[in-house]
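Chemist: Sending over a structure as structure tokens; questions will come in a sec.
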Amino acid sequence: MAQVRYDEATRIYPGTDIAAVDRLDLDIADGEFLVVVGPSGSGKSTALRMLAGLEFIDNGSIHIGERDVTLVPPKERDIAMVFQNYALYPQMSVAANMGFALKQQGIPKEERQRRVAEAARILDLEPYLERKPKNLSGGQRQRVAMGRAIVREPQVFLMDEPLSNLDAKLRVQTRTQLADLQADLGVTTVYVTHDQVEAMTLGDRVAVLESGKLQQCASPREMYSRPANRFVAGFIGSPAMNLLEVDGGDGSGVALGSMTVPLDGEVGRSVGAHPSVTLGVRPEHLALVPSDGDRTLPGRVSVVEDLGSEAFVHIDVEHRGETTQIVVRGEGESDVRRDDNVAIGLGGPIHLFGPGGERLN
């Protein structure tokens, strides 16, 4: 096991001046499960490949433990990768697939068998060791791919969207197994995904990338409760945070449609310094309430997503002379219907972001 450190690590592909990964500074603790998440093209897979040695580093450095591995070949970095594509040898049995890399390294047969047997036990693959990949389900194949990484006993696991090929139910099940597995093994793990729900449920910490830049790295709870900027606020959370432009005014409060959201102290002064800011509020921090003057916001229901245990109500409201939509989380079995006239009340914290997207409160 080892800690991992990106130190101003930069990757610029030939033919462009725009960095795919731009001066990435990131420290990953020994034994930590770090999830790197971001939209397509954000640089998350490139960052992982840089750590694996599969991408050249134009500037900066990468360290595994006390060793600078910036110029070290992939096979000498003591890492193991699990890809979205299982990449199993179809002609080999499960046991042979799992032990193939060890055989290539010249590991004695008895030691190979011991490691394969132990990985099969951990992954519940013991009944399938003599099967070929074509006789396995998608989830079983992915576990074989993980087993192939585990038997190498590396310092660091690298996982590039390993659950993307699984159906929704199996993805949730395998996600839980993966979290338990990493906790038991205690091996430093860097996991890349585009799925922010997956990121929030798996990681000890989550690193959000956008346009090659690190936006925030924090625990899932901190990132959800205190997003560092407007991008993170809009990206993390399902459904997404409601984000609306509001006038800064004199800093005593901001107007969300006809509803006034009071501000005080330093936050009010920060907001009052800008002609316009972004107000963010999560759906669960809004509620449908009786109308109460400027303390509530009137609107008309456009869509009700009834999920059984809860309902997400999409409401058209008038704000700054235009119709915009706000999402409110309500109770399950809600009796609210499309075209109902309702009033929205604020029942939780708000988030304020400056013109550059920086957090103000």
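The values are calculated or read from the model by the stated rules, or taken from the named source; none is laboratory data. Note that this is a predicted model, so its numbers are computed, not measured. All Cβ positions, even for glycine, are placed from backbone atoms using ideal geometry, and neighbour counts span all protein chains on display. Heavy atoms of the whole protein, side chains included, go into the accessibility calculation; ligands, DNA and RNA do not. Shrake-Rupley method; radii C 1.70, N 1.55, O 1.52, S 1.80 Å.
Chemist: I'm trying to understand the selection: among the residues of the stretch 152-189, which are within 17 Å of Val206 (Cβ to Cβ) and of a type in the set (D, E, K, R)?
Modeler: Of the stretch 152-189, the ones within 17 Å of Val206 (Cβ to Cβ) are 157-163, 175, 178-179, 182-183, 188-189.
The answer is Asp160, Glu161, Arg175.
Chemist: Looking at Leu263, Leu286 in this structure, which one is modelled with pLDDT of 95 or more and either among the small types (Gly, Ala, Ser) or open to solvent by less than 80 Å² (accessible area, probe 1.4 Å) (or both)? Working first, answer last.
Modeler: Working: Leu263 fails: modelled with pLDDT of 95 or more.
Among Leu263, Leu286, only Leu286 is modelled with pLDDT of 95 or more and either among the small types (Gly, Ala, Ser) or open to solvent by less than 80 Å² (accessible area, probe 1.4 Å) (or both).
Chemist: Another question, if that's okay. State all residues of the stretch 90-112 that are surrounded by 12 or more Cβ atoms within 10 Å (Cβ to Cβ) and in contact (Cβ under 8 Å) with a residue 12 or more places away in the chain; if no residue qualifies, say none.
Modeler: Result: Met92, Ser93, Val94, Ala95, Asn97, Met98, Gly99, Phe100, Ala101, Leu102, Arg112.
Chemist: Ok, one more. Please go through the stretch 219-248 and give me each residue that is open to solvent by less than 50 Å² (accessible area, probe 1.4 Å) and over 16 Å from Glu358 (Cα atoms), ordered by number.
Modeler: Matches in the stretch 219-248: Ser219, Pro220, Gly237, Pro239, Ala240, Asn242.
Chemist: Which one of these is at pLDDT below 95 and of a type in the set (D, E, K, R): Asp22, Asp17? First the steps, then the outcome.
Modeler: Details: Asp22 fails: at pLDDT below 95.
Sole residue among the options that is at pLDDT below 95 and of a type in the set (D, E, K, R): Asp17.
Chemist: Go through (1) assigned to a strand (DSSP E or B); (2) farther than 26 Å from Pro227 by Cα and name the single condition Ala311 misses.
Modeler: Going through the list (1) assigned to a strand (DSSP E or B); (2) farther than 26 Å from Pro227 by Cα, Ala311 breaks only (2).
Chemist: Okay, moving on. Out of the residues in the stretch 81-130 that are among the basic types (Lys, Arg) and more than 34 Å from the chain's Cα centre (by Cα), state the one that is farthest from Glu153 (Cα to Cα).
Modeler: Initial filter on the stretch 81-130 (among the basic types (Lys, Arg)): 103, 109, 112, 114-115, 121.
After this cut, where a residue has to be more than 34 Å from the chain's Cα centre (by Cα) as well, the list is 103, 109, 112, 114.
Details: Lys103: 14, Lys109: 16, Arg112: 11, Arg114: 12 Å.
Residue satisfying both the conditions and the ranking: Lys109.
Chemist: Now, a different point. Restricting the search to the stretch 315-345, which residues are open to solvent by 80 Å² or more (accessible area, probe 1.4 Å), in a strand (DSSP E or B) and over 11 Å from Ser302 (Cβ atoms)?
Modeler: Answer for the stretch 315-345, where residues must be open to solvent by 80 Å² or more (accessible area, probe 1.4 Å), in a strand (DSSP E or B) and over 11 Å from Ser302 (Cβ atoms): Glu318, Glu322, Arg329, Glu331, Asn341.
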